[in-house]
Each structure stands twice: as C-alpha cells, then as structure tokens.
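Q: Pasting in a structure now, in structure tokens, and then I'll have a few things to ask.
The values are calculated or read from the model by the stated rules, or taken from the named source; none is laboratory data. This is a predicted model, so every value here is computed, not measured. Neighbour counts run over all protein chains shown; Cβ positions are idealised from the backbone, glycine included. Each accessible area value is taken on the protein alone, full model and side chains, heavy atoms only, with ligands, DNA and RNA left out. Shrake-Rupley method; radii C 1.70, N 1.55, O 1.52, S 1.80 Å.
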Amino acid sequence: NEFEGFYQPIINMQQGAISKLEALLRWNQSEKEILAAFNFIEVAERSGLIIKIGDWVCRKVISQLAIWQKEIALDIQISVNISSLQLQQPDLADKIYGYLQANRVSPSNLIIEVTESMVIHSVEIAAQTLKRFREIGIRIALDDFGMGYSSFQYLQKFPVDIIKIDRVFIRDIEENECNNSIVSAIIAMSKKMRIGTVAEGVETEAQFKYLYRLKCEEVQGYLTGKPMSSAQVQQLLEKQKASLNNPPIAINQ
Ligand code: C2E
Ligand code: MG
Ligand code: MG
C-alpha cells in the first residue's frame, strides 16, 4: 500500500483553466521520500509487474473520478499512462469499461496515453485494443510525440485523439528555430487532422506565450502545476469551480 496516484493539471490555453489531469504514479517509500515514476516504471515493465500495477492505477483513477463527481460535482477528464504489456491484453479495454460501469463513470472522462515505443512490439493487438477503447468512448493520446521511431506511421495506423508533444521540443522553443518549426508543424498537422495538442514540460512564461501564439490547445508542466496529491488537486479544482461560478465583478461597470 505504498503506491499513490498523483495528478498533474493540463491547462486549456483559451479558457485559461484546468481542463484535464494526468495521473502519474508515485511510490511513498518512506515518510521523507516520494519516488517519481521514472525511477521504477522501467523495472516494473521489464519484470512484468506493470500489468498488476497498471490495473491498480486504472481502478484508482476511476474510483477517484467517481468520488469527484459525487462529492464535488466535478466533471473532469483524467488521462492514464498505459504500458505496451497492458496493451497486449486483448480484454484490457473491456476490463476498464467494466470498472467504469461499476463506478458509474462515463468513458468520456477517461483518456488512455500510449507511447510510440510502447506499441511497437505488438502492432496488431495494440491496434485492436486501441480501436476497442475508441468504440467504448475512451479517447487515445499519443504520448511523447516525436521521440519514437515512427510517429507518422502511428498516426496512420492508430486512432489518435490527442498528440502530446514531447518536452525536448518545448525546452528551448523561443530560441531554437529548428524546434519551433517542428512544434508549429505538429500543431498545424494536428489541426488539419482534428487532433488535439498538448505541449509537455512547459516550465517558463516565455514558452507558454510562444505556444499560445502557435495556437497549441493545451499545456502541461511545472509552470502551471507540478504533479500533486489528490487532496491538493481537489483544492485547486474547487477553487477553480468557485471562481467560474462567481466571475469577478468588473470594476468599471
Ligand atoms: P509521461 O507520461 O510523459 O509523464 C510526464 C513526466 O514528466 C512525469 O514524470 C512528470 O512528473 C514530468 N514532468 C511534468 N512536467 C514537467 C516539467 O515541466 N519539466 C520536467 N522536467 N518534467 C516534467 P514521472 O511522473 O516521473 O513519469 C515518468 C514516466 O513514467 C511518464 O512519462 C510515463 O511514461 C510513466 N508513468 C507514470 N505513471 C505511470 C503509470 O501509472 N503507468 C505507466 N505504465 N507508466 C507511467
Ligand atoms: Mg503521459
Ligand atoms: Mg509524455
């Protein structure tokens, strides 16, 4: 019982508000140290333990969605990272659908994040599983876009609703002409294909402004919120809800 689901806000640029959350796994090894996922996910994948851990994460996220819907009437979308090993289970989508139904949560509240490198080993089964997710009404995000071997082939083969642009392209976007050409091309292509765009790893105001000008739809990164506990993110969401219900009164009325 040392695992915990953390949540990082994803901000819609036009609304200037949290539109989604990404669930990121944390391991509370001791009172002092909380391990981030990059420290242990690879080992969990190599050992096969990721199947059980991934199942725990899905159940946890869906029950959290049910709690937020019931207790604070909050309709938020959460995206969950899914490993290639999980995608190789032909019944994965229907198992997750069962969890959603048991908790009375709509499939439209859930997004599945996959990476290019992850789906590469099992293209056929992965494609079928992803298609099934889509039929159920769960959306698909392609994570770390641009860092794999065959980004464009995946767009052609798999049903994709959202592209998450890897943070290596965002890091120096204001001064690196090559990266800013790549990012603006990804955004233009996504718009034509009616695919949503999220820029990952946004850390500075300058990057944020630049992405706003490029008409990137959503951003995620330390600038707009680090991954945090469910209690912390709930406070943020309640504050946002209160301010949307009571917009500040204009001074010059
Ligand atoms: P990811 O899905 O691309 O998640 C984003 C990672 O970048 C997270 O690391 C997050 O903490 C970090 N990050 C977010 N904003 C910033 C920023 O502004 N700057 C920088 N430098 N980093 C930022 P984390 O939580 O350690 O996760 C690492 C990877 O582990 C994730 O990459 C994802 O692929 C995987 N992962 C995390 N949770 C799960 C899970 O529940 N299941 C599976 N299968 N994989 C997971
Ligand atoms: Mg992710
Ligand atoms: Mg990513």
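Q: Check every one of the helices (runs of 4 or more DSSP H) wholly within segment 81-178 and list those with 2 or more residues that are away from ligand 1 (no atom under 14 Å from the Cβ).
A: 92-102, 123-136, 151-157
Q: Out of the residues in segment 188-211 that are among the charged types (D, E, K, R) and within 16 Å of ligand 3 (Cβ to nearest atom), which is most open to solvent (accessible area, probe 1.4 Å)?
A: Initially, segment 188-211 is screened for residues among the charged types (D, E, K, R), giving 191-192, 194, 200, 203, 205, 209.
From the residues that got through so far, the ones that are within 16 Å of ligand 3 (Cβ to nearest atom) too are 200, 203.
Numbers: GLU200: 26, GLU203: 104 Å².
The selected residue is GLU203.
Q: Could you check, for segment 112-134, whether at least one of its residues is of a type outside the set (A, V, I, L, M), in contact with a strand residue (DSSP E or B) (Cβ under 7 Å, 6 or more places away or on another chain) and in contact (Cβ under 8 Å) with a residue 40 or more places away in the chain?
A: Yes: one or more hits.
Q: Could you pull out the residue among VAL61, VAL43, VAL80 that is free of Cβ contacts under 8 Å to residues at least 24 places away in the same chain and of a type in the set (A, V, I, L, M)?
A: Step by step, each of VAL61, VAL43, VAL80 is checked, and only VAL43 is free of Cβ contacts under 8 Å to residues at least 24 places away in the same chain and of a type in the set (A, V, I, L, M).
Q: On the basis of being at pLDDT 90 or above, open to solvent by 60 Å² or more (accessible area, probe 1.4 Å), under 19 Å from the mean Cα position of the chain (by Cα) and farther than 18 Å from SER19 by Cβ, does ARG167 make the cut?
A: Yes; evaluated as a whole, the condition is true for this residue.
Q: Test of understanding: among ILE50, ILE10, which residue is within 16 Å of ligand 3 (Cβ to nearest atom) and open to solvent by less than 40 Å² (accessible area, probe 1.4 Å)?
A: Working: ILE50 fails: within 16 Å of ligand 3 (Cβ to nearest atom).
Being within 16 Å of ligand 3 (Cβ to nearest atom) and open to solvent by less than 40 Å² (accessible area, probe 1.4 Å) holds for just one of ILE50, ILE10, which is ILE10.
Q: Restricting segment 126-157 to residues that are at pLDDT below 90 and under 15 Å from GLN86 (Cα atoms), which is nearest to ligand 3 (Cβ to nearest atom)?
A: Applying the filter and picking the extreme gives ALA126.
Q: Hey, does segment 87-107 have a residue that's closer than 28 Å to ASN12 by Cβ, in contact with a strand residue (DSSP E or B) (Cβ under 6 Å, 6 or more places away or on another chain) and away from ligand 3 (no atom under 16 Å from the Cβ)?
A: Among the residues of segment 87-107, not one is closer than 28 Å to ASN12 by Cβ, in contact with a strand residue (DSSP E or B) (Cβ under 6 Å, 6 or more places away or on another chain) and away from ligand 3 (no atom under 16 Å from the Cβ), which makes the answer no.
Q: Still on this structure: Here are some residues: LEU74, LEU92, LEU85. Which one is buried (at least 17 other Cβ atoms within 10 Å of the Cβ) and out of contact with any Ser or Thr (no Cβ under 6 Å at 6 or more places or on another chain)?
A: Working: LEU74 fails: buried (at least 17 other Cβ atoms within 10 Å of the Cβ); LEU92 fails: out of contact with any Ser or Thr (no Cβ under 6 Å at 6 or more places or on another chain).
Answer to the selection: LEU85.
Q: Just to be sure I understand the filter: pairs with C-beta atoms under 9 Å, separated by 6 or more residues or on different chains, first member in segment 228-244 and basic (Lys, Arg), second member open to solvent by 40 Å² or more (accessible area, probe 1.4 Å). Which pairs pass?
A: Final answer for the pair search is LYS241/ALA73.
Q: Let me ask another. Quick test for you: out of GLU22, GLU71, GLU31, GLU45, pick the one residue that is within 9 Å of ligand 1 (Cβ to nearest atom) and more than 18 Å from the chain's Cα centre (by Cα). Even if it seems obvious, please write down each step before you answer.
A: Values: GLU22 fails: more than 18 Å from the chain's Cα centre (by Cα); GLU71 fails: within 9 Å of ligand 1 (Cβ to nearest atom); GLU31 fails: within 9 Å of ligand 1 (Cβ to nearest atom).
Exactly one residue qualifies, and that residue is GLU45.
Q: Cβ-Cβ below 6 Å, separation at least six or inter-chain, first residue in segment 8-19 and of a type in the set (Val, Ile, Thr), second open to solvent by less than 20 Å² (accessible area, probe 1.4 Å) and assigned to a loop (DSSP other than H, G, I, E, B): which pairs?
A: If the second residue must be open to solvent by less than 20 Å² (accessible area, probe 1.4 Å) and assigned to a loop (DSSP other than H, G, I, E, B), the pairs left are ILE10/GLN220.
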